[in-house]
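Notes follow the structure.
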Amino acid sequence: MIWIVIFGTLAVAGAVALVVYAVGLAHKAADVRHEIEVVGDRAGQITALVGQLELPPSGRD
């Protein structure tokens with residue numbers, strides 16, 4: 001009987017740890033997705049700025 005309680009307790013503790021780990025992983029994945037969006041926005045801004053550049057003609061003809 002005592003072994004059933006011990007293994008049951010260990011199983012419940014393992015399940016709780018697994019849920020906590022999964023929730024933390026989901027939060028980290030959301031953070032990474034947000035950072036990817038920010039980098040994409042910055043790349044769009046850089047592309048727009050580079051498109052506004054007017055380079056002088058080269059004197060090599």
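The values are calculated or read from the model by the stated rules, or taken from the named source; none is laboratory data. Please read all numbers here as calculations on a predicted model, not as lab measurements. Glycine gets a Cβ as well: all are built from the backbone with ideal geometry, and neighbour counts include every protein chain shown. Just so you know, the surface numbers come from the protein's heavy atoms only, side chains and all, with ligands and any DNA or RNA stripped out. Shrake-Rupley method; radii C 1.70, N 1.55, O 1.52, S 1.80 Å.
With label points built 7 Å along Cα→Cβ from the Cα atoms of V50 and I2, find their separation and express it in nm.
Between V50 and I2, the label points sit 7.1 nm apart.
What does the accessible area per residue of the chain come to in Å², with a 1.4 Å probe and no ligands, DNA or RNA counted? Don't skip to the answer; put the middle values down first.
On the way: 5850 Å² over 61 residues.
Accessible area per residue: 96 Å².
State the label only: which of (i) 16, 12, 11; (ii) 32, 11, 8; (iii) 60, 9, 4 corresponds to semi-axes √(5λ) of the Cα gyration tensor in Å computed from the shown model?
Only one listed value fits the structure, namely (iii).
Counting only protein heavy atoms and a 1.4 Å probe, tell me what percentage of the chain's accessible area is made up of carbon and sulfur. Display every interim value, and only then the final one.
On the way: 4160 of 5850 Å².
Of the solvent-accessible surface of the chain, carbon and sulfur hold 71 percent.
Pop out the ³J(HN,Hα) list for segment 8-17 in order, Karplus 6.51 cos²θ - 1.76 cosθ + 1.60 with θ = phi - 60°, rounded to Hz; leave Gly and Pro as x.
Going residue by residue, I get x, 5, 5, 5, 5, 4, x, 5, 5, 4 Hz, with x marking Gly and Pro.
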